[in-house]
1. Go through the stretch 268-290 and report how many residues are of a type in the set (Ser, Thr, Tyr) and within 16 Å of the ligand (Cβ to nearest atom).
2. Output the number of residues of the stretch 1-48 satisfying the condition of being over 17 Å from GLY401 (Cα atoms), part of a loop (DSSP other than H, G, I, E, B) and basic (Lys, Arg).
3. Scan the stretch 279-308 for residues that are assigned to a loop (DSSP other than H, G, I, E, B) and aromatic (Phe, Trp, Tyr) and report the count.
4. So the check is Cβ under 6 Å with 6+ separation or different chains; which pairs have a first residue in the stretch 379-392 that's over 29 Å from ASN53 (Cα atoms) and a second one that's part of a strand (DSSP E or B)?
5. Just to be sure, is THR142 among the β-branched types (Val, Ile, Thr), closer than 17 Å to GLY379 by Cα, within 16 Å of the ligand (Cβ to nearest atom) and surrounded by 14 or more Cβ atoms within 10 Å (Cβ to Cβ)?
6. Within 19 Å of GLY401 (Cβ to Cβ) and of a type in the set (Ser, Thr, Tyr): which single residue out of THR357, THR331 fits that description?
7. In the set LEU151, LEU74, LEU70, which member is surrounded by fewer than 17 Cβ atoms within 10 Å (Cβ to Cβ), in a loop (DSSP other than H, G, I, E, B) and within 16 Å of the ligand (Cβ to nearest atom)?
8. Looking only at the stretch 186-208, decide whether some residue is outside any loop (DSSP other than H, G, I, E, B) and free of Cβ contacts under 8 Å to residues at least 60 places away in the same chain.
Amino acid sequence: MQPFEDCESQVRSYCRHFDDLFARGKGSILFNVDGRAFLDFWSSAGSVNYGHNPERLKERLLDYLQGDGLCAGLDLHTVAKASFIQAFHDHILRPRKLDYRLQFTGPTGTSVVESAVKLARKFTGRRVIAAFTNGFHGMSSTSLGLTGNRLQRQPWCDPHVFRLPYDGYLGPDTDTMDFFEKLLTDASSGLDLPAAVILETVQCEGGINVARAQWLHRLRELTRQHGILLIVDDIQVGCGRAGRFFSFEDAGIKPDLVCLSKSLSGYGLPLSVMLIAPALDVWSPGEDNGTFRGNNLAFVSATEAICQYWQDGCLSDGVQARGRTVLVHLTALSRELGAQHFSIRGKGLVWGLECHTPQMARKVAGRCFRDGLLVETAGCSGQVLKIMPALNIPEASLLEGLDILSRALREEAYAQAMALAPVLATPA
Ligand SMILES: Cc1ncc(COP(=O)(O)O)c(C=O)c1O
């Protein structure tokens, strides 16, 4: 019996692109069952920002398990939860002068998005949520309604969503906030005042689209003026991915609600939190309930992650430096291969190289995997190579991965040129 092919649902996806049998992971390396090493530029879609099985986090988890620390307990007060809240307050919120209550929602990203929308609707008494083109917020009913991609959306997903053009969607010279402002101020625009606007400040699944700081400012200002809540979905680009702990820090805005998940536990363990501006915490006890709210094991690794990586600016500085290395490398490569065929976008340590066709991106990712590098694709049709290594990847591994990527791109560009050659050589 072949366990995956014979028994697992057709819905499986990443394993089709990275088709091997994996056994172990350490830092930026995954090992297959035969011990072959693969460099990781994927980071499990941003859920292992500090690499696989970071040593100190593992030690804390082993100590906790060895001591029979409580694992299940719904939202009981536990030592593990208290330590996490303290560390998050002391090292994340207080230094940034942020005042939020913490709600531990269900453990997945989509659960925290569902909770944020539910709270915004309850608080405002309104139904419509504004979301952006190319946004991705998860696969459950409400989150899917907010998601832009036609292939992922379903006929039954939440219909009370108003779609706005993201920054850059209508070209670099159009400020799409002009459109939103017009809709909000024109009594005949047909837009029901939204309960909230939800966005990623860097759209990852949507193709690594980076919102400009001044655009984010305008959005914050408009939402404030019109009493609309601003929800930042920092599930993929929070926890340091965009350079600082929160992706919105550079823009200096304060959202009303923030969704965090993926790398929060630092170990790939499920854990999500919604940050709530205190005045908005209008829940009644138990109104947004669930069995796996606050995973105690994940609290243990999350606390250690915060203490190890976020007590000073070293990790952020390292992310900026590694990000510059990626940018320099990609720029040189795209010039070599014909800059008109590629576009480079990114921030911190999340970068996208848009190829002229989705087929090219997929083939390059396939060649990378053949040569021992995990790279995924993103964008409306998968046309963007998404480069997302661990935030603390050693310089040598980063360069090695970039070399594999370059080789794969050169090979694919050559193969495509050769495929066209007979056509070009045919006399008119
Ligand atoms: C920005 C964003 N929001 C929400 C989600 C959904 O998270 P999950 O897959 O854990 O439900 C994702 C997942 O990739 C994401 O990138």
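The values are calculated or read from the model by the stated rules, or taken from the named source; none is laboratory data. Because the structure is predicted, anything quoted here is derived from the model rather than measured. Glycine also receives a Cβ, built like all others from the backbone with ideal geometry; neighbour counts cover every protein chain displayed.
1. Of the residues in the stretch 268-290, the ones of a type in the set (Ser, Thr, Tyr) are 272, 284.
From the residues that got through so far, the ones that are within 16 Å of the ligand (Cβ to nearest atom) too are 272.
Summing the residues that are of a type in the set (Ser, Thr, Tyr) and within 16 Å of the ligand (Cβ to nearest atom) in the stretch 268-290 gives 1.
2. Total satisfying the criteria: 1.
3. 2
4. That search, which allows pairs on different chains as well, returns GLN383/GLU354.
5. Numbers: among the β-branched types (Val, Ile, Thr): yes; closer than 17 Å to GLY379 by Cα: no; within 16 Å of the ligand (Cβ to nearest atom): yes; surrounded by 14 or more Cβ atoms within 10 Å (Cβ to Cβ): yes.
Considered against the rule, which asks whether it is among the β-branched types (Val, Ile, Thr), closer than 17 Å to GLY379 by Cα, within 16 Å of the ligand (Cβ to nearest atom) and surrounded by 14 or more Cβ atoms within 10 Å (Cβ to Cβ), THR142 comes out as no.
6. Numbers: THR357 fails: within 19 Å of GLY401 (Cβ to Cβ).
Testing whether each residue is within 19 Å of GLY401 (Cβ to Cβ) and of a type in the set (Ser, Thr, Tyr) leaves just THR331.
7. LEU151
8. The answer is no; no qualifying residue exists.
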